[in-house]
Amino acid sequence: MNDNIITIGKRNPNLPFHPGVRAGDFIYVSGQVAKDENGNMCSGNIEEETRWTIESMRRILLLDGADLGDVVKVTVFLADARTFGRYNKVFAEFFPDGRIARTTVEARAVIECKIEMDAVAYKPRS
């Protein structure tokens, strides 16, 4: 493995990947769903699940000294495209200046959830 690639967060022993990976000045956050700070799944309406999912991404970024303001790209998977407007309104609360690239598609996750997101952040090493 390349020594310049650093894993972030605690890996689930049942899954073959880490929550995040740093490669150079970029941090890649694996797909996150609505979980609390203890890793327990949270179920609610699309607004609640969007908030919990973004907070899950934030917790991983913070482990490597980054935050949502460093995010440059987000990919979003919505279980139901009819919830787009409601999810988009919450998303805008966390990314108010819109200085990111984003893709949103309708797709079912392999676990029961309304939304999944992954992200790329740019945070040069000090």
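The values are calculated or read from the model by the stated rules, or taken from the named source; none is laboratory data. No experiment lies behind these values; they were computed from the predicted model shown. When we count neighbours, we look across all protein chains shown, and the Cβ atoms used for this are built from the backbone with ideal geometry, even at glycine.
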When you check E112 against the structure, is it of a type in the set (D, E), at pLDDT 95 or above and more than 21 Å from I6 (Cα to Cα), yes or no? no
Among D80, D67, D118, D97, the single one that is within 16 Å of the chain's Cα centre (by Cα), among the acidic types (D, E) and over 14 Å from S30 (Cα atoms) is D67
Residues of the stretch 16-57 being closer than 20 Å to L78 by Cα and of a type in the set (D, E), in sequence order, are D36, E47, E48, E49, E55
Is there a residue being under 20 Å from S126 (Cα atoms) and surrounded by fewer than 19 Cβ atoms within 10 Å (Cβ to Cβ) anywhere in the stretch 34-50? no
Test of understanding: among R86, R51, which residue is more than 20 Å from H18 (Cα to Cα), under 11 Å from the mean Cα position of the chain (by Cα) and in contact (Cβ under 8 Å) with a residue 24 or more places away in the chain? R51
Of everything in the stretch 3-33 that's in a loop (DSSP other than H, G, I, E, B) and in contact with a strand residue (DSSP E or B) (Cβ under 8 Å, 6 or more places away or on another chain), which residue is surrounded by the most Cβ atoms within 10 Å (Cβ to Cβ)? P19
Requiring at least 3 residues that are surrounded by fewer than 17 Cβ atoms within 10 Å (Cβ to Cβ) and touching a strand residue (DSSP E or B) at 6+ places or on another chain (Cβ under 8 Å), the strands (runs of 3 or more DSSP E) wholly within the stretch 51-126 are 71-78, 101-106
